[in-house]
Ligand SMILES: [Zn+2]
């Protein structure tokens, strides 16, 4: 079962393996939250100055491959290293200026995983999302039906 402890372990493994040069300048917490179709994760600075990384709560399901959790964590860690919601000086005007996140991920050896992620988003995620959130699907259907 994937829970927040499991997630914290994934974060520390990815940090050690792929971001060994990145100093952990403050307390970074990671947790599952939300049920989103179009957002995989986000990063936020908390009032107490901790950094919170949130991973889509739907990724607790074993139907979602682990590498999707990994690439989401890595994506948010790049934002952290660029000074977004972290104690580092902000390196770019916007978090995604000119593809900086993907460039950094490729540099750190995530190129192959990113290809798999793109493929997953296109070919598998819509179906898995429907399985995990039938209620959300139903709501949309009902709206559609009201037109008939
Ligand atoms: Zn991002």
Principal axes of the chain: Cα extent on each, largest first, Å | 56, 35, 35
The chain - mean residue ellipticity at 222 nm from DSSP helices (-39,500 (n - 2.57) per run, n ≥ 4, rounded to 500) = -15000 deg cm²/dmol
Over the range 20-148, what is the mean sequence separation of C-alpha contacts under 8 Å (at least six apart), divided by residue count, expressed as relative contact order in percent?
-> 19
Contour minus Cα-Cα distance for residue 67 and residue 44 (0.36 nm per residue) | 6.1 nm
Once you put a point 7 Å from the Cα of residue 16 and another 7 Å from the Cα of residue 135, both along the Cβ direction, what distance in nm separates them?
-> 3.8
Under a Gaussian network model of the chain whose springs join Cα atoms within less than 10 Å, the largest fluctuation of 119, 50, 135 belongs to 135
Quick one: of the DSSP bridges fully inside the range 4-145, what percent are antiparallel, nearest 5?
-> 45
Rounded to the nearest 10, the angle in degrees between the Cα long axis of helix 134-145 and the longest principal axis of the Cα atoms of the chain comes to 50
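Readers should treat all values here as calculations from the given coordinates under stated rules, not as data from a laboratory. These numbers come from a predicted model, not from an experiment. Every residue, glycine as well, gets a Cβ built from its backbone with ideal geometry; the counts of neighbours run over all protein chains shown.
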